[in-house]
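The values are calculated or read from the model by the stated rules, or taken from the named source; none is laboratory data. None of these values were measured; they are calculated from a predicted model. Cβ coordinates were reconstructed from backbone atoms using ideal geometry, including for glycine residues, and neighbour counts include every protein chain displayed.
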Amino acid sequence: MIKNKKCIKKTKILAVNFGGIGDEILFFPTLKTLKTLYPNSSLTLVLEPRSKSAKELTSLIDAVITCDIKGRSKYLNIIKLLFKIFSGQYNIVISSGSSKSVAILLFFMGIRKRFGYNTGLLSKILLTKTVSLNKNQYAACMYHDLTKAIKDNQECCLPEIDVSSENLLWASQKIGDRENKQVITIHPGVSKLSVEKNMIKFWSVQNWTDLIVKLLCSGKYKVVLTGGPDDEVTLLQIKSELAKYDFPEDNLTDLCGQTQNISQLAAVIRLSDLLVCVDSAPMHLAVGVKSKVAAIFGPTDDRKLLPPNDQRFVAVKEDNLECRPCLWEKRQTTCEFVNCMNISPTKVFQVIEKTL
C-alpha cells in the first residue's frame with residue numbers, strides 16, 4: 001500500500017529590481033543566494049521592459065513581470081503591476097529600491113514577508129525587516145546585503161551568466177580562425193537612453209578608430225567589432241574611418257548588428273581574450289562570463305561598478321581629475337565638457353597589453 005506523501009508547496013519569491021540590463025546582472029548574486037536559502041522555490045523578477053532579456057542570461061529566474069516606471073503612464077502601470085502581484089500569491093518580496101516610496105509599494109503588494117533597505121521610519125513600519133544601505137561598495141555586494149534580512153553572513157559572489165553551447169558554437173563560427181592571435185572584442189556601447197538623459201559616458205569615434213588601428217598594426221590581435229541598434233551610427237562612422245586603411249580581412253571581424261540577442265553577445269565576449277568597452281551592459285556581461293575587460297570610465301565610479309581587487313576587470317580612467325566621479329555622486333547629468341572621457345587610445349592600448 002502506497003502512503004500519501006505530504007505535498008510541499010514551493011516558496012514563491014518576488015524580487016523587484018528596476019534599472020538597465022547591467023543592474024539586473026549586478027542583481028544576479030542576490031537571486032542566487034535567495035535560491036540557495038529557499039531551494040524549493042520559484043522566483044519572479046519585476047523589472048523594466050528594456051531589461052526583460054535578463055532572463056536569457058540565467059536559470060535563476062523562473063518568470064518576469066515588466067513594469068514601465070519611467071513613462072508617462074507610470075502610475076497606471078504601477079496599479080496594473082499591483083493587480084498582477086495580488087493574483088500571484090507570493091510569500092516573500094525583496095526590493096533593491098532605495099527610494100522611501102519603495103516601502104509603500106511593497107506594503108500595498110499585500111505580501112506577508114517584505115524585505116528592503118532602511119530608508120527611514122516608514123520602511124521600518126511597513127517592511128518586515130530592513131537592512132542598511134551601503135552605497136560605497138561594488139553594486140552587486142550592495143544589492144546582496146538585502147539577503148541579510150533573511151539570513152546574515154551570506155557571502156556575495158560575482159554575477160554568473162549562463163552561456164549555452166549552441167550560442168558558443170555560433171560565436172566560434174562567427175569569430176573564425178584565430179591564427180594564433182588574441183581576440184579583442186570592441187563594443188562602443190552608446191546608449192540612446194543615456195544620451196537622451198545627458199549622461200555622456202561614450203568615447204569618440206576617432207578614439208575608437210585609432211585604438212583599432214593600433215591593435216591591428218601590432219600584428220598580435222584579431223579585432224571583433226560588435227554592437228546593437230543603439231550603436232549603429234557610431235559603428236558606421238568607425239567602419240568608414242577604418243576603410244581608409246588596408247588591413248588583412250581575417251584580422252577584423254565585423255559582427256555589428258549580427259548578434260540577435262544578448263545571449264549571443266555574451267557568447268562572443270566569453271570566447272574573446274578581452275573586451276574593450278565603456279561603462280555599459282557589455283562590461284557587466286564580461287564580468288558575468290569571467291572574461292577580461294578593459295572598461296573606459298569617465299564620470300561614473302568604477303569602484304562601484306567593477307569587482308574590486310580582480311585584475312581581470314580593469315578600469316581605464318583619468319586619475320588626476322578631482323571632479324570625477326561625478327555622475328550619480330554629485331549630479332544627475334554630466335557636465336558640458338566631459339573632460340574625463342578624453343582618454344588617449346595609447347593609454348587604452350597600454351592597459352590592454354598589460355591586462356593580457
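Observations, loosely collected:
- Cβ separations smaller than 6 Å between residues 6+ apart or across chains give the following pairs from region 36-56 residues that are of a type in the set (A, V, I, L, M) to residues that are assigned to a strand (DSSP E or B) and crowded, with 16+ Cβ neighbours inside 10 Å: 43/13; 45/15; 45/64; 46/16; 46/65.
- Looking only at region 117-143, and only at residues there that are in contact with a helix residue (DSSP H, G or I) (Cβ under 8 Å, 6 or more places away or on another chain) and either on the phi > 0 side of the Ramachandran plot or of a type in the set (Lys, Arg) (or both), the one that is modelled with the lowest pLDDT: 135
- Whichever residue in region 164-211 is part of a helix (DSSP H, G or I) and among the basic types (Lys, Arg) and, among such residues, is modelled with the lowest pLDDT: 192
- Filter result for residue 260 (without any contact (Cβ under 8 Å) to a residue 12 or more places away in the chain, farther than 21 Å from residue 182 by Cα and either out of contact with any strand residue (DSSP E or B) (no Cβ under 7 Å at 6 or more places or on another chain) or among the small types (Gly, Ala, Ser) (or both)): yes
- Scanning region 67-101 for residues that are in contact (Cβ under 8 Å) with a residue 60 or more places away in the chain and under 25 Å from the mean Cα position of the chain (by Cα) yields 92, 93, 94, 95, 96, 97.
- Restricting attention to region 130-150, the residues that are of a type in the set (Phe, Trp, Tyr) and assigned to a helix (DSSP H, G or I) total 1.
- Matching residues, region 317-356, being surrounded by 14 or more Cβ atoms within 10 Å (Cβ to Cβ), modelled with pLDDT of 80 or more and either among the hydroxyl-bearing types (Ser, Thr, Tyr) or outside any helix (DSSP H, G or I) (or both): 317, 318, 343, 355
- Applying the set (1) within 24 Å of the chain's Cα centre (by Cα); (2) assigned to a loop (DSSP other than H, G, I, E, B); (3) at pLDDT below 95 to residue 161 leaves exactly one unmet item: (3).
- Restricting attention to region 224-243, the residues being at pLDDT 90 or above and assigned to a loop (DSSP other than H, G, I, E, B) number 1.
- Count of residues meeting criterion [in a loop (DSSP other than H, G, I, E, B), in contact with a Ser or Thr (Cβ under 7 Å, 6 or more places away or on another chain) and buried (at least 22 other Cβ atoms within 10 Å of the Cβ)] in region 91-129: 0
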